[in-house]
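Beneath this line is the structure, given in structure tokens, with notes to follow.
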Amino acid sequence: MARVAQLGIALGALGAVLMLMGLFPGVTGLEPTVGIGIVQLFVMLVGFSLLIIGALMYVEYTFYSKKPTNLAQQIGMRLALTGIVLAAMASLADLLGFGSNLRNADSDMLTGPLQAIAIVGSFLISSIGVLVYAIMGEPEMVDTDEDE
């Protein structure tokens with residue numbers, strides 16, 4: 001089970017790096033443009049999804065391996081995954097056609113302030129879901145023999 005926890009750490013680290021690359025494309029040597037584009041949003045979403053899934057894997061296989069989840073943990077996991085879905089909907093709203101900054105012939109797609117607030121709020125919802133999952137369970141107790 002320790003290998004799966006290490007995989008969770010690796011996924012979380014990869015997700016954090018991808019999310020930072022999406023937020024700050026100048027780090028990779030690319031010229032920053034005005035606003036946030038579709039490619040940046042995709043990279044941020046993939047990075048954030050990997051970060052949350054890696055965190056859930058780490059918590060599950062480090063603290064609660066071989067134990068069934070309780071109701072509060074299931075709520076936390078679903079809250080974390082719902083935050084990822086809400087972030088995807090908010091960030092791709094203009095591309096899917098229900099956003100407020102629709103593209104026409106003489107303008108590019110830009111992320112508006114409401115979208116940015118919704119994305120950050122969704123990230124916070126997912127983070128709270130991971131915290132609820134981590135805090136609400138009863139960790140497995142390891143027996144140590146003090147007689148030996």
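Bear in mind these aren't lab numbers, they're just calculated from the coordinates by the rules spelled out. Worth saying up front: this structure is predicted, and the values here are computed from it rather than measured. Here the Cβ is made from the backbone with ideal geometry for all residues, glycine too, and neighbour counts use every protein chain on show.
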Discussion item. Run the simple label-point estimate for E31 and L81 please: 7 Å along Cα→C-beta, distance reported in nm.
Written reply: 4.3 nm
Practice prompt. At 7 Å along the Cα-to-beta-carbon direction for both L20 and F42, put a label point, then send me their distance in nm to one decimal.
Written response: 2.3 nm
Practice prompt. Taking the chain as the reference, fit the longest principal axis to its C-alpha atoms, fit the long axis of helix 71-91 to the helix C-alpha atoms, and give the angle between the two in degrees, 0 to 90, nearest 10.
Written response: 20 degrees
Item to complete: Give me the angle, in degrees from 0 to 90, between the Cα long axis of helix 38-63 and the longest principal axis of the Cα atoms of the chain, rounded to the nearest 10.
Response: 10 degrees
Worksheet item: By how many degrees, 0 to 90 and rounded to 10, does the Cα axis of helix 2-23 deviate from the longest principal axis of the chain?
Response: 20 degrees
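Taking the convex hull of the Cα atoms, report for the chain its projected area averaged over all directions, in nm².
Numbers: hull surface 46.4 nm².
Mean projected area for the chain: 11.6 nm², to one decimal.
Give me L81, L71, L50 ranked fewest to most by other Cβ atoms within 10 Å of their Cβ, as a rough exposure proxy.
By the 10 Å Cβ count, ascending, the order reads L71, L81, L50.
Going by how many other beta carbons lie within 10 Å of each one, how would you line up I84, I52, fewest first? Walk me through the intermediate numbers first.
Values: I84 20, I52 24.
Neighbour counts put them in this order, fewest first: I84, I52.
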Worksheet, complete the sentence: When the chain is treated as a Gaussian network with springs between alpha carbons less than 10 Å apart, the largest mean-square fluctuation among A72, A80, A16 is found at A72
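Take Y58, Y64 and order them by how many other Cβ atoms sit within 10 Å, fewest up front.
Working: Y58 21, Y64 18.
So the residues, fewest neighbours to most, are Y64, Y58.
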Worksheet item: Can you list residues whose amide H is under 5 Å from G99's amide H, if they're 5+ apart or on another chain and H is modeled 1.01 Å from N?
Response: D94
